[in-house]
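Read the structure below first, then the notes.
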Amino acid sequence: MEPNTTMYKGLLGILFSAALILPAFNTQAGGGEELVEAPVYDEVLHQIGLREAEMLWEAGVPFFDCNTLEVWSEGFIPGAKFFNVKNWKELLPEDKNQTMVFYCLNKLCESSEIAAREVMKLGYTDVRQMPVGIQGWMLSGKKTETP
């Protein structure tokens, strides 16, 4: 006796649908941890793209690399200061109106956002953050240097 192909396909479809739906019942947002309210910042972050970053770099604006030492040692924007140090306040210019650019690894990295906001809290007025980070800089073929 041959199997009923219509019934077989229908049963296979039900099993496939169940396999897709059932895992959704066992998942929770936040990985099962208690949900917390997202932070609200007083400082409005001035984010810039690669074109503006390159123009500022060419004009001699100071750049600050907020990556880990391991990432920084693989390459950084020429002239950029390594910012991930205890005495980071000493790296800042005296002129609080000086344009500055902060960057880290890429759009997923938050180190440069945090650093830029901390600098803004100190009264610096022209702080910019480059979200694409060193990876975006390198991918676009721009020059880097190593220590």
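The values are calculated or read from the model by the stated rules, or taken from the named source; none is laboratory data. Model, not experiment: these values are computed from the prediction. All Cβ positions, even for glycine, are placed from backbone atoms using ideal geometry, and neighbour counts span all protein chains on display. With ligands, DNA and RNA removed, areas are computed over all heavy atoms of the protein, side chains included. Shrake-Rupley method; radii C 1.70, N 1.55, O 1.52, S 1.80 Å.
When the range 65-107 is examined, which residues are found to be of a type in the set (Ser, Thr, Tyr) and under 18 Å from the mean Cα position of the chain (by Cα)? Spell out how you get there, then give the answer.
Going residue by residue through the range 65-107, those that are of a type in the set (Ser, Thr, Tyr) are 68, 73, 99, 103.
Hits for the range 65-107 are Thr68, Tyr103.
Hey, any hits in the range 57-67 for a residue that's of a type in the set (Phe, Trp, Tyr), under 18 Å from Gln47 (Cα atoms) and open to solvent by 60 Å² or more (accessible area, probe 1.4 Å)? Before the answer, list the steps.
Taking the range 57-67 as the starting set, the residues that turn out to be of a type in the set (Phe, Trp, Tyr) are 57, 63-64.
Now narrow it down to the ones that are under 18 Å from Gln47 (Cα atoms): 57, 63-64.
Filter again for open to solvent by 60 Å² or more (accessible area, probe 1.4 Å), leaving 57.
Yes, some residue in the range 57-67 is of a type in the set (Phe, Trp, Tyr), under 18 Å from Gln47 (Cα atoms) and open to solvent by 60 Å² or more (accessible area, probe 1.4 Å).
For (1) surrounded by fewer than 17 Cβ atoms within 10 Å (Cβ to Cβ); (2) farther than 26 Å from Gly141 by Cα, each residue gets a yes or a no:
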residue: Phe76; (1), (2): no, no
residue: Gly79; (1), (2): yes, no
residue: Phe83; (1), (2): no, no
residue: Asn97; (1), (2): yes, yes
residue: Val119; (1), (2): no, yes
residue: Gly123; (1), (2): yes, yes
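Looking only at the range 84-112, which residues are under 15 Å from Gln47 (Cβ atoms) and not hydrophobic (A, V, I, L, M, F, W, C)?
Across the range 84-112, the qualifying residues are Thr99, Tyr103, Asn106, Lys107, Glu110, Ser111, Ser112.
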